[in-house]
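Asker: Can you keep this structure in mind? I'll have questions shortly.
The values are calculated or read from the model by the stated rules, or taken from the named source; none is laboratory data. Nothing here was measured: the structure is a model prediction, and the numbers come from that model. Cβ atoms come from the backbone with ideal geometry, glycine included; neighbour counts cover every protein chain shown.
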Amino acid sequence: MAPINYNRLLHKGKALFLAYDQGMEHGPTDFDEKNVDPDYIFNIGYEGRYSALAVLPGVAEKYYLGPYRDMPLIVKLNGKSNMPKINPISRQICSVDRAIKLGAAAVGYTIFDGSPNEPTMFHEFGKIIEQAHDHGLPVVAWMYPRGPNIQELDNHVLSYSARLGLELGADIIKMKFNGDVDNLKWMVRCAGKTKIVISGGDKVPPVQFLNEAQKVMSAGCLGMAVGRNIWQSEKPFSVTRALQAVIYDGKSALEAANLLK
């Protein structure tokens, strides 16, 4: 197995990923005339100096070109739409080999732990870990508890999910934050040497978002993976700079908020 090095995904030892995988699972409801165009998002990622950009393979193949290739790419290997009303499952749609050919610095995979279809995703993910790690490629797991008997933001559920990320072999896990900083610290402990980045979620006022980022970093997380709070913003670069001040430079939300002006 080749050494796994995810430093290429980091800046100053921290992670700020720009996520643009919502088009498959959410459909175009998140988009407007500007952000429906992947070039708009790739430009934000490149000019905003994000530590990595996460997309699905079709977008990577058609837009990860020219100068954008200097920006580290995370290729999502599985996906689903929200049209079938079935128990949560997201199957593999892209191979590790194809992701490498597309220029991936890492691969990603969503696991709906707690779903009745969990065993299928665990099995698929195990194979991906083997293949990616044979190439020295880091694996980012979107750990999203979901299912008929699951309370997605319950403290125990989230900490269990963090532990699963470690046990399954993920290098970085992308998770949700329920606002409980003490539990987030416990999640970080449960994940061990697997690092946690927190999902940005739905768009909220920028100052509120910076306050959340400060809490996330204070709990010992590696960083954040943001999407709508950036590319739905009227001032994506201002929000980016403020967020980087918190994540990369350890500034308080109050200090960083001055950059919004």
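Asker: Could you tell me which numbered condition P148 fails, if it satisfies all but one of (1) touching a helix residue (DSSP H, G or I) at 6+ places or on another chain (Cβ under 6 Å); (2) modelled with pLDDT under 95?
Answerer: (1) is the only condition that P148 fails.
Asker: Now a separate question. Which one is farthest from the chain's Cα centre (by Cα) among residues in the range 188-203 that are over 18 Å from F17 (Cα atoms) and hydrophobic (A, V, I, L, M, F, W, C)?
Answerer: Once the filter is applied, the top-ranked residue is C190.
Asker: Which one of the conditions (1) farther than 28 Å from S95 by Cα; (2) in contact with a helix residue (DSSP H, G or I) (Cβ under 7 Å, 6 or more places away or on another chain) does R189 fail to meet, given that it meets all the rest?
Answerer: R189 satisfies every listed condition except (2).
Asker: Which ones in the range 108-154 are touching a Ser or Thr at 6+ places or on another chain (Cβ under 9 Å), more than 26 Å from A60 (Cβ to Cβ) and hydrophobic (A, V, I, L, M, F, W, C)?
Answerer: I150
Asker: Same structure again: Return the pairs, sorted by first residue and then second, in which the second residue is surrounded by 14 or more Cβ atoms within 10 Å (Cβ to Cβ) and of a type in the set (D, E), the first residue lies in the range 234-257 and is farther than 23 Å from F31 by Cα, the beta carbons are less than 7 Å apart, and the residues are 6+ apart or on different chains.
Answerer: Sorted first by the residue in the range 234-257, then by its partner, the pairs are A245/E255.
Asker: Is there a residue in the range 178-190 that is of a type outside the set (D, E, K, R) and within 27 Å of K261 (Cα to Cα)?
Answerer: Among the residues of the range 178-190, at least one is of a type outside the set (D, E, K, R) and within 27 Å of K261 (Cα to Cα), which makes the answer yes.
Asker: OK, next. When only residues in the range 39-67 that are assigned to a loop (DSSP other than H, G, I, E, B) and touching a residue at least 24 places away in the same chain (Cβ under 8 Å) count, which is surrounded by the most Cβ atoms within 10 Å (Cβ to Cβ)?
Answerer: Filtering first and then ranking leaves S51.
Asker: So, of the residues in the range 63-85 that are under 18 Å from the mean Cα position of the chain (by Cα) and basic (K, R), which turns out to be nearest to Y40 (Cα to Cα)?
Answerer: If we take residues in the range 63-85 being under 18 Å from the mean Cα position of the chain (by Cα) and basic (K, R), then K76 is nearest to Y40 (Cα to Cα).
Asker: Filter the range 66-93 for residues that are in contact with a Pro (Cβ under 6 Å, 6 or more places away or on another chain) and farther than 15 Å from A141 by Cα and give the result.
Answerer: Scanning the range 66-93 gives a single hit, N87.
Asker: Please go through the range 68-113 and pick out each residue that is surrounded by fewer than 20 Cβ atoms within 10 Å (Cβ to Cβ), touching a helix residue (DSSP H, G or I) at 6+ places or on another chain (Cβ under 7 Å) and of a type in the set (S, T, Y).
Answerer: Within the range 68-113, Y68, S81 meet the criteria.
Asker: Also, quick follow-up: For V140, which of the numbered conditions (1) part of a helix (DSSP H, G or I); (2) touching a Phe, Trp or Tyr at 6+ places or on another chain (Cβ under 9 Å) fails to hold?
Answerer: (1)
Asker: Suppose we filter K62, K14 for residues that are out of contact with any Ser or Thr (no Cβ under 9 Å at 6 or more places or on another chain), more than 17 Å from V107 (Cβ to Cβ) and of a type outside the set (F, W, Y); which single one remains?
Answerer: On inspection, the qualifying residue turns out to be K62.
Asker: When only residues in the range 195-233 that are touching a Lys or Arg at 6+ places or on another chain (Cβ under 9 Å) and polar (S, T, N, Q) count, which is nearest to L9 (Cα to Cα)?
Answerer: It comes out as S199.
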